[in-house]
Amino acid sequence: MTAITAHQHKTAELVAPIFESQKAFFESGATRSYDFRVKQLKKLKDSIKRHETEIYEALAKDLGKPAFETYASEIGFIYQDIKHTIKHLRGWMRPEKVSTSVVHFPSSSKIVPSPLGQVLIISPWNYPFQLMLAPLIGSIAAGNTTILKPSEYTVNTALVLEKIIKDCFDSNYVHIVQGEGIVVVPQLLDNFRFDLLFFTGNTKVGTIIAQQAAKTLTPVVLELGGKSPTIVDKNVSVDVTAKRIVFGKLFNTGQTCVAPDYLLVHENIKDKLVASLKKTIVDFYGENPQESESYGRIVTPRHFDALIKYLDNGTIVHGGETDREDLYVAPTLIEDVTMDDPIMQSEIFGPILPIMTFSNIDEAIQIVKQNPYPLALYIFTVDRAVEDKVISNIRFGGGCVNNAIVHLSNPNLPFGGVGYSGIGSYHGKHGFETFSHLKSIMKTKFFYDNDLRYPPYTDTKLNIAKKFLE
Ligand code: NAD
């Protein structure tokens with residue numbers, strides 16, 4: 001931490017010349033060509049390749065992340081994102097022709113994606129590698145310069161990220177700033193006017209940051225959190241459902257923004273599902289998950305302490321063991337909770353799953369609606385009417401039918417929240433567009449000029465206009 005925080009109180013002073021050099025670099029037009037953007041994405045991939053071993057080590061130190069999870073959700077995720085972006089970038093950059101009313105004859109119209117300029121990306125600790133670089137890929141693809149601010153809680157990963165960035169980019173193009181968010185971020189937002197602030201983190205901090213950004217009318221994209229429900233209807237394949245829920249909940253030890261936060265299960269199959277969840281946890285992580293190489297740890301003692309308070313809620317029916325020294329919290333299932341319990345009022349963000357029941361789907365929908373719109377929602381059902389009802393009656397960022405968390409790995413789907421779970425979205429083309437300004441252009445030829453719109457206005461002109469427009 002010392003290495004990271006030594007200069008953090010001087011952030012504004014240290015960043016000022018870099019911010020100016022990024023402005024000059026952007027204005028030079030150097031970041032705009034297709035060739036430049038693709039070259040930078042390839043450089044980023046090569047640099048990640050060179051540092052792969054260090055990335056695995058850093059994530060193991062920071063979060064006890066198993067190598068498979070590090071590859072699937074951090075390194076491999078970013079390789080796929082770079083590959084997808086390079087494959088489609090030329091098409092995304094191409095201006096899109098759109099139709100033009102005959103009223104404007106002889107005109108044509110197009111939408112021209114243009115770089116925004118100077119971007120600031122602030123990322124959290126739970127996927128500290130992926131959540132810093134996936135937005136960066138969008139920013140590079142769109143032709144911007146970027147300043148990155150990683151989380152101070154995952155210091156090992158933050159330092160490897162700094163190495164990777166310095167290895168492939170000059171600071172007048174991409175620069176990384178280390179330090180505690182509460183110290184560093186206000187200095188960045190008060191002293192520099194960015195063309196976009198892209199923030200991933202919790203809703204409370206997102207609210208503070210959005211207020212700071214509003215002082216300079218800095219546009220914000222906020223990728224936030226919330227309580228993502230998992231609804232299980234009767235008549236589903238119970239064992240497959242249990243496997244998909246346990247995978248989604250315990251991946252990264254439950255520290256996933258889209259992890260199933262709580263379970264709402266139809267009363268007819270509750271006992272069967274709970275039995276299957278218990279068996280699945282043992283199949284995945286053994287009788288003692290603390291000894292499993294497939295199971296991670298909680299990020300810091302502070303987060304551990306916040307998490308274990310939830311163990312006082314309801315009745316523990318599986319797990320419940322903790323070890324503060326080791327930052328270990330066992331996969332835990334809790335029954336008999338009510339909506340008034342703290343565990344049902346804020347995002348859990350750990351391997352603890354409260355389970356409630358419902359007798360008909362309308363009841364489940366009403367329970368979900370007691371909390372703000374979630375980032376994700378999962379519905380397990382074989383009944384199309386139930387699926388449609390849930391999707392159309394509840395506002396949520398995105399989700400899955402008969403699966404959990406995997407929707408975010410499809411780059412063709414926009415990823416983002418709604419309401420308190422976020423503003424804006426990214427991934428794939430949606431990321432490119434989030435980091436671009438979509439400029440609208442209408443072009444008119446000279447060979448004909450319609451006098452209709454020019455003064456002096458007459459009743460005849462008004463009547464003709466009405467004919468065209470109504
Ligand atoms: P956080 O909000 O505490 O931190 C995120 C970033 O904000 C860090 O870089 C941190 O340094 C900075 N920060 C913290 N406090 C600040 C302050 N007062 N002023 C300015 N900057 C500050 O988030 P976290 O705890 O690291 O991450 C967990 C949260 O993020 C969860 O709520 C989770 O759901 C959410 N999340 C959302 C997504 C998504 O894509 N929507 C992804 C991952 C995590």
**Report entry** Where labels lie 7 Å past Cα in the beta-carbon direction, separation of Met339 and Ser409 in nm
**Finding:** 3.4 nm
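Can you say what percent of the DSSP beta bridges in the chain, counting only those with both residues inside, are antiparallel? Round to 5. Numbers along the way, then the final one.
Details: 20 of 54 bridges.
Bridges in the chain that DSSP calls antiparallel: roughly 35 percent.
Can you pull the Rg over Rh of segment 229-416, Cα-only, Kirkwood? Intermediate values should be presented prior to the final figure.
Working: Rg = 15.6 Å, Rh = 16.6 Å.
Dividing the radius of gyration by the Kirkwood radius yields 0.94.
Kindly provide the helix-only [θ] at 222 nm of the chain, computed as the sum of -39,500 (n - 2.57) over DSSP H runs of four or more divided by all residues, to the nearest 500 deg cm²/dmol?
Numbers: 17 runs with 195 residues, N = 470.
After summing the helix terms and dividing by the residues of the chain, the value is -12500 deg cm²/dmol.
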Query raised in the report: Measuring from the lowest to the highest alpha carbon on each principal axis, how far does the chain reach, largest first, in angstroms?
Result: 81, 57, 38
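For segment 229-416, what does the relative contact order come out to in percent, with C-alpha contacts under 8 Å and a separation of six or more? Don't skip to the answer; put the middle values down first.
Numbers: 326 pairs, mean separation 52.3, N = 188.
In percent, rounded to a whole number, it is 28.
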Report task. Extending each Cα 7 Å along its Cβ direction at Asn360 and Lys467, get the distance between those two points in nm, one decimal. Result -> 5.7 nm
Report summary line: Once both label points are put 7 Å beyond Cα along the C-beta direction, the Lys163-Ser237 separation in nm becomes 4.3 nm
**Report entry** Residue-level accessible surface for His88, protein heavy atoms, 1.4 Å, Å²
**Finding:** 60 Å²
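Take Arg324, Arg37 and sort them by solvent-accessible surface of the protein heavy atoms, 1.4 Å probe, largest at the top.
Working: Arg324 120, Arg37 15 Å².
Correct descending sequence by accessible area is Arg324, Arg37.
Got a number for carbon plus sulfur as a percent of the chain's accessible area, 1.4 Å probe? Display every interim value, and only then the final one.
Numbers: 11500 of 21550 Å².
With neighbouring chains kept in place, the figure for the chain is 53 percent.
On a full-extension model of 0.36 nm per residue, what is the gain between Lys42 and Ser101, subtracting their alpha-carbon distance, rounded to one decimal in nm? Can you show the working numbers first?
Numbers: separation 59, 0.36 × 59 = 21.24 nm, distance 4.22 nm.
Extending this stretch completely gives an extra 17.0 nm.
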Report summary line: In segment 229-416 the DSSP beta bridges are antiparallel at a rate, in percent to nearest 5, of 20 percent
Query - the chain, relative contact order in percent, only Cα pairs under 8 angstrom and at least six apart counted - result: 18 percent
**Report entry** Solvent-accessible area per residue, Å², over segment 229-416 with all protein chains present [probe radius 1.4 Å]
**Finding:** 42 Å²
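For segment 1-153, with every protein chain kept in place, what is the accessible area per residue (1.4 Å probe, Å²)? Don't skip to the answer; put the middle values down first.
Numbers: 6580 Å² over 153 residues.
Per residue, segment 1-153 has an accessible area of 43 Å².
The values are calculated or read from the model by the stated rules, or taken from the named source; none is laboratory data. Keep in mind that what you see is a predicted model, and the values were worked out from it rather than measured. Every residue, glycine among them, receives a Cβ derived from its backbone with ideal geometry; neighbour counts consider all protein chains shown. Ligands, DNA and RNA are excluded from the accessible area calculation, which covers all protein heavy atoms including side chains. Shrake-Rupley method; radii C 1.70, N 1.55, O 1.52, S 1.80 Å.
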